[in-house]
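Visitor: Quick one: the structure is below, questions incoming.
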Amino acid sequence: MKYVDEFRDGEVAKGLANAIAAEVRPDRRYNFMEFCGGHTHAISRYGVPDLLPESVRMIHGPGCPVCVLPIGRIDLAIKLALENGVILCTYADTVRVPASDGLSLMRAKARGGDIRMVYAVTDALKIARDNPDKEVVFFAIGFETTTPPTAVAIKQADAEGMQNFSVLCCHVLTPSAITNILESPEVRELGTVPLDGFIGPAHVSTIIGSRPYEFFAEEYRKPVVIAGFEPLDVMQAILMLVRQVNEGRAEVENEFTRAVTPDGNLKAQNLVSDVFELRRSFEWRGLGEVPYSALKIRERYAQFDAEARYQLEYRPVADNKACECGAILRGVKKPTDCKIFGNVCTPENPMGSCMVSSEGACAAHYTYGRHKDVERDVEQDVSSEVASHGHE
Amino acid sequence: MTSPVKKGYTRPLDLKHGRVDMSHGGGGRAMVQLMTDLFAKHLGNEYLAQGNDGTWLPACNGRLVVSTDSHVVSPLFFPGGDIGGLSVHGTVNDVAVMGATPLYLTAGFILEEGFPLADLARIVESMAQAAAEAGVKLVAGDTKVVEQGKGDGVFITTTGIGFLADGIHLSGDLAQPGDVLLVSGTVGDHGMAIMSKRENLSFDAPILSDSASLNGLTAAMLASGAAIRVMRDPTRGGLAATINEIAHQSGVGIHLEEAAIPVQPAVEAACELLGLDPLNIANEGKLIAICAAEDADRLLAAMRAHPQGQQAVIIGKVVEDANAFVQMKTRFGGRRMVDWLSGEQLPRIC
Ligand code: SF4
């Protein structure tokens with residue numbers, strides 16, 4: 001308990017805020033992307049932007065596992081539940097992501113699909129053991145942090161000789177997504193996304209270590225500071241980034257030394273590479289097809305691969321036309337740039353994936369930050385919308 | 001010679017190993033037996049004893065308050081309470097925060113075939129205890145049995161009736177800019193007690209549900225003479241949902257101080273672990289009140305003098321805001337909105 005408060009202490013925050021204010025140069029702006037949804041959430045939840053000088057802008061990155069899931073992948077999960085009649089186990093956030101035909105996993109559940117919300121893949125294993133006459137599929141999503149537990153589960157199922165358990169693997173990789181953003185025309189040529197540095201992920205880095213980021217620092221001349229998920233970690237990382245920019249450095253620094261080492265968790269890495277291999281390409285919502293950016297289950301464990309087991313064929317589906325999730329995930333647009341933000345698209349009725357998870361940029365802004373839009377632009381009449389929202 | 005026709009013999013209810021079966025809802029002898037041997041035994045009183053399709057109640061010279069609530073909590077027995085007590089507390093509190101004195105309850109039970117009678121007995125006893133503590137009488141009841149797999153043990157719907165004294169008028173649309181907002185104690189206890197049980201989280205001290213009747217506390221608050229405008233018990237959706245409802249009903253903004261909101265350390269830690277916000281977590285034994293600023297001290301003193309309000313604090317104030325936004329100064333020093341939660345954070349908590 002002590003631990004939690006220690007990293008949120010308002011006094012320390014004030015000190016850091018003063019240090020950042022003293023460090024920024026009056027003649028320039030600082031645009032930093034927090035890659036990770038966990039950071040996006042912390043920044044909004046604790047009101048971090050209120051403590052930053054006006055010249056420091058935080059851009060939300062694509063590191064929200066639910067947000068980057070393309071519609072086609074959710075469709076596969078729905079098909080498994082409705083057509084193949086499996087018990088589909090999924091993390092709670094995923095059930096509300098809009099899919100094709102006005103469906104979502106939640107609506108598929110209402111239509112009779114046996115869809116169960118679980119907190120961990122071990123729950124899915126248990127469901128499989130308890131229901132030997134049913135097939136159970138775990139809808140595995142997430143970045144490097146959630147991959148090792150999935151690997152463990154597959155090995156466990158293998159060891160137990162389980163016949164009714166498989167995994168719909170949608171695990172994705174952080175470094176490939178960062179590369180994709182840095183390679184995107186907006187960043188490289190058009191300059192519409194002025195990016196001065198990254199806050200590197202916390203938990204992901206405990207697994208992969210800090211070394212993978214060295215490439216970005218060198219190749220693209222962008223500083224990276226790996227930071228923990230506490231708001232004070234984020235403030236400290238921003239201070240370190242501002243200093244790097246001012247001094248013309250582009251290095252990988254580690255604010256999160258209490259958990260992240262250069263090499264990461266080798267045991268977990270070995271486990272993952274034992275069970276998974278790179279996919280040649282994987283579609284991300286917002287980023288499109290990104291080469292070598294996701295994992296699939298190795299041949300050796302094919303019987304636990306739902307895609308092989310049920311001969312699933314991936315079909316890409318275009319996002320809702322009005323939805324700007326893609327541009328938001330790449331940092332090109334802000335939630336308020338989307339025409340349907342807050343009127344058609346709300347957390348109760350999400351049109352895009354960024355409005356679903358609390359780590360999504362749109363949901364975070366809607367839930368924690370929309371009072372600022374009113375302060376910025378008093379003419380904008382959002383009151384009627386808010387009022388009607390209240391009576392839902 | 002004695003008559004060969006033996007006196008009708010009914011086996012007593014087997015409260016140790018017996019289970020609910022379809023006959024318990026069938027309207028026959030088994031149902032009557034369940035009624036008399038279990039429900040009437042624990043919950044009986046002069047009104048229930050009338051034994052008719054309806055119950056007459058004495059005339060009451062004034063306004064009545066009615067509230068109804070269904071309870072579907074899972075697990076049925078949780079740290080600090082069970083569905084029986086909860087079904088009384090929840091409804092008593094809905095009546096009490098209207099400023100009324102709860103008097104009567106009705107209860108409808110939906111039982112699942114196969115449910116152990118021993119568990120049902122525990123639930124009924126717990127209801128009886130909660131009703132006695134709150135000073136309310138169960139005046140009507142109903143039991144139905146559904147086939148195995150069509151229910152989840154027990155569902156209980158209760159309706160509460162209370163008497164509202166003249167001159168008391170509390171309503172969610174009465175908050176005015178300048179008013180202050182108080183909470184009677186720590187938030188998030190009930191929801192996290194359920195959740196920690198479901199997720200098998202263990203802490204040094206288990207998190208206990210705060211499930212309790214609040215009519216003693218509300219009576220003390222009303223007796224203080226403070227100009228109370230609104231009282232609510234922040235159940236499902238937690239503090240965040242309740243405060244947003246009031247802001248919208250009254251057309252005002254509400255500003256909270258995160259540092260002032262009491263949260264038990266274990267609840268805070270559990271929320272942290274599960275990625276939840278204590279402000280969204282249900283309470284079953286806490287209330288919030290909004291009163292005129294000049295009466296805040298008096299009300300606070302009255303709350304603190306009551307065992308259920310010892311940890312009462314002022315946590316915010318009402319401001320003018322056409323958008324009816326609820327905002328909070330975070331402990332970190334920033335400011336953010338406090339919104340309704342979308343979707344179900346914790347299903348089946350009450
Ligand atoms: S507001 Fe909704 S539709 Fe618009 S970008 Fe965000 S998630 Fe997509």
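The values are calculated or read from the model by the stated rules, or taken from the named source; none is laboratory data. Every value quoted in this text rests on a predicted model; they were computed, and no experiment measured them. Cβ sites come from the backbone with ideal geometry, for glycine too, and all protein chains shown count toward neighbours. The accessibility values were calculated without ligands, DNA or RNA, using every heavy atom of the protein model including side chains. Shrake-Rupley method; radii C 1.70, N 1.55, O 1.52, S 1.80 Å.
Visitor: Excluding residues fewer than 8 places away in the same chain, name every one of the aspartates and glutamates whose C-alpha is closer than 18 Å to that of B:K16.
Guide: B:D37, B:E112, B:E113, B:D119, B:E125
Visitor: What's the longest piece of chain B with no exposed GluC sites (Glu not before Pro), counting a site as exposed if DSSP puts it in a loop and it has at most 13 other beta carbons within 10 Å?
Guide: B:148-319
Visitor: What residues qualify as long-range amide H neighbours of A:S210, i.e. H under 5 Å apart, gap of 5 or more or another chain, H built at 1.01 Å from N?
Guide: Residues meeting the amide H criterion: A:T261, A:D263, A:G264.
Visitor: Which positions within the range B:320-336 get 50 Å² or more of their accessible surface covered by the other protein chains, compared to the chain by itself, with a 1.4 angstrom probe?
Guide: B:N323, B:F325, B:R331, B:F332, B:R335, B:R336
Visitor: At 4 °C and a viscosity of 1.567 mPa s, what translational diffusion coefficient does Stokes-Einstein give for the range B:22-164, taking Rh as the Kirkwood radius over Cα pairs? Give it in µm²/s as a whole number.
Guide: On the way: Rh = 15.4 Å.
Taking Rh from Cα pairs, D becomes 84 µm²/s.
Visitor: Can I ask one more? Would you grab the residues whose amide H sits under 5 Å from the one on B:V65? Only those 5+ places off in sequence or on another chain, please, with H modelled 1.01 Å from N.
Guide: Placed amide hydrogens put B:G162, B:F163, B:L164 under 5 Å from B:V65.
Visitor: Rounded to whole Å, give me the distance from the Cα center of the range B:116-168 to that of the range B:18-51.
Guide: 13 Å
Visitor: Can you give me the Cα centroid spacing of the range A:42-100 and the range B:210-248 in angstrom?
Guide: 35 Å
Visitor: Output the 0 to 90 degree angle, nearest 10, between the alpha-carbon long axis of helix B:238-250 and the longest principal axis computed from the alpha carbons of chain B.
Guide: Tilt of helix B:238-250: around 70 degrees.
Visitor: Now, a different point. Over the range A:325-372, give the accessible area per residue in Å² for a 1.4 Å probe, as an integer.
Guide: Normalised by residue count, the accessible surface of the range A:325-372 is 30 Å².
Visitor: Please give me the summed charge of the neighbours of B:Q176: other residues whose Cβ is under 13 Å from its Cβ, Lys and Arg +1, Asp and Glu -1.
Guide: -4
Visitor: How much net charge surrounds A:A120 when only the other residues with a Cβ under 11 Å from the Cβ of A:A120 are counted, with Lys and Arg +1 and Asp and Glu -1?
Guide: Net of charged neighbours comes to -1.
Visitor: So, one more: Give me a single rounded figure for A:365-371: the average over its residues of other chain Cβ atoms within 10 Å of their Cβ.
Guide: Numbers: counts 1, 3, 9, 9, 3, 5, 10.
Per residue, the average neighbour count from other chains is 6.
Visitor: Next question, about the same structure. Could you rank B:I110, B:I156 by how accessible they are, 1.4 Å probe, largest area first?
Guide: Details: B:I110 75, B:I156 0 Å².
Ranked from most to least accessible, the order is B:I110, B:I156.
Visitor: For the cross-link pairs B:K197/B:K286; B:K144/B:K286; A:K109/A:K134; A:K296/B:K197; A:K109/A:K267; A:K79/B:K144, which exceed 27 Å when the distance is taken from alpha carbon to alpha carbon?
Guide: B:K144/B:K286; A:K296/B:K197; A:K109/A:K267; A:K79/B:K144
Visitor: How big is the B-A contact in terms of buried accessible area, both chains counted, 1.4 Å probe, rounded to the nearest 100 Å²?
Guide: That pair of chains buries around 2600 Å² in total.
Visitor: Could you work out how far helix A:231-246 tilts from the main Cα principal axis of chain A, as a 0 to 90 degree angle to the nearest 10?
Guide: 60 degrees
Visitor: What aspartates and glutamates sit close enough to A:K222 to cross-link, taking a C-alpha to C-alpha distance under 19 Å and skipping anything fewer than 8 places away on the same chain?
Guide: Cα-Cα hits under 19 Å: A:E23, A:E34, A:E183, A:E186, A:E189, A:D196, A:E214, A:E247, A:E251, A:E253, A:E255.
Visitor: When the accessible area of the range B:9-124 is split by element with a 1.4 Å probe, what percent falls to carbon and sulfur?
Guide: Ligands and nucleic acids excluded, carbon and sulfur give 55 percent.
Visitor: I would also like to ask the following. Taking A:K333 as the anchor, which lysines have their alpha carbon closer than 19 Å to its alpha carbon, excluding any fewer than eight residues away along the same chain?
Guide: A:K321, A:K372
Visitor: I'd like the orientation of helix A:174-183 relative to chain A: the angle between its Cα long axis and the longest Cα principal axis, in ° from 0 to 90, rounded to 10.
Guide: 50 degrees
Visitor: Among B:V318, B:C350, B:G81, whose Cα lies farthest out toward the positive end of the dipole of chain B, if unit charges sit on the beta carbon of Lys, Arg (+1) and Asp, Glu (-1)?
Guide: My answer, from the dipole projection, is B:G81.
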